[in-house]
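Notes follow the structure.
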């Protein structure tokens, strides 16, 4: 399998194209994103219901519930990602599709085994890499993280958790983790595109992901910097808008403030899902898929045969 090396401007190009997604079939694309977001929230809702609705305050019980829901999502979420990739691909090629096509990957003959296998393999790689970083450089980080989890789980409703101070060396470990996650994000995007949209095997998709990410470290770095700046700006704007709506509605009744603010927040999350997976899709398409030549992000002729 051939992968392409893109120019540094490709990171910005992927983001621009992702922002323009939905022009062909917005109902299918944004509907699928809303469904994906809803399913992704189910584990958190189950945990909240168990803790506050059923009054389960025992830490061991909550950890079992958290573990069970997490394991379930490790199987379900890769299928949803594959389904969403296919919805995006169909809209980009102006082919008929619909929001519930997100769940087509759950059917037999839709590559669900490869999607689940790739998702589990990537999760294992993430865990191993993070354990290596925190174990080798982050002395005391495991204990600190456990204290944070315990404080969050045991906090009373309406009371912020008491978070322990960060251990020394947090900045270095955080920076290294960010760079590693940037690289693995490229592997994730390219590999998932391969198993979702081609007949590539799990091993072949993983090899394509690593090769493609290694050959595109510069555009991945540019994309990461742009996304960090964009997230800060958008978070500030969103906080102001949601806060104003909550205050204005709260002058009449707190429930009205909530009713005004929540649609904006939910809409923002849906758009975020579309843009995030859109970036992943276009990254795959330029590096390992159909390919596209863009100003500032043109593919080079240097290719690797796997």
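Readers should treat all values here as calculations from the given coordinates under stated rules, not as data from a laboratory. What you are looking at is a predicted structure, and each value in this text was computed from that prediction instead of being measured. Every residue, glycine among them, receives a Cβ derived from its backbone with ideal geometry; neighbour counts consider all protein chains shown.
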ask   = How big is the gap, in Å, between the Cα center of the range 11-29 and the Cα center of the range 190-267?
value = 13 Å
message = Tell me the mean residue ellipticity at 222 nm calculated for the chain from its helices only (DSSP H runs of n ≥ 4, each -39500 (n - 2.57), averaged over every residue, nearest 500).
response = -25000 deg cm²/dmol
key: the range 34-136: relative contact order as a whole-number percent, Cα under 8 Å and 6+ apart   = 25 percent
task = Could you tell me how many degrees, from 0 to 90 and to the nearest 10, lie between the Cα long axis of helix 26-48 and the main elongation axis, the longest principal axis, of the Cα atoms of the chain?
result = 40 degrees
ask   = Calculated from the structure, semi-axes √(5λ) of the Cα gyration tensor in Å equals which of [x] 30, 26, 19; [y] 39, 24, 18; [z] 33, 25, 21?
value = [z]
Full-stretch length increase - residue 272, residue 131 - with 0.36 nm per residue and alpha-carbon distance subtracted = 47.9 nm
request  = Sort 200, 112 so that the residue with the fewest other Cβ atoms within 10 Å of its own Cβ comes first and the one with the most comes last.
outcome  = 112, 200
note = Fewest-first ordering of 15, 256, 102 by Cβ atoms within 10 Å yields 256, 15, 102
message = Run the numbers for residue 149 and residue 24: contour at 0.36 nm per residue of separation, minus the present Cα-Cα distance, in nm.
response = 40.7 nm
request  = List the relative contact order of the chain as a percent without decimals, with contacts defined as Cα pairs under 8 Å and 6+ residues apart.
outcome  = 37 percent
message = Rounding to the nearest 10 and keeping the result within 0 to 90°, find how far the Cα-based axis of helix 202-214 lies from the longest principal axis of the chain.
response = 90 degrees
key: Gain in span if fully extended, residue 41 to residue 256, counting 0.36 nm per residue against the direct Cα distance   = 75.0 nm
key: Exposure proxy order (Cβ contacts within 10 Å, fewest to most) of 220, 36   = 36, 220
query = Measuring from label point to label point, each 7 Å out along Cα→Cβ, what is the residue 265 to residue 199 span in nm?
reply = 4.7 nm
task = With r as the distance between the Cβ atoms of residue 235 and residue 16 and R0 = 30 Å, compute the FRET efficiency 1/(1 + (r/R0)^6) and round to 0.05.
result = 0.90
query = If you line up the long axis of helix 170-197 against the longest principal axis of the chain, both from Cα atoms, how many degrees apart are they, to the nearest 10?
reply = 50 degrees
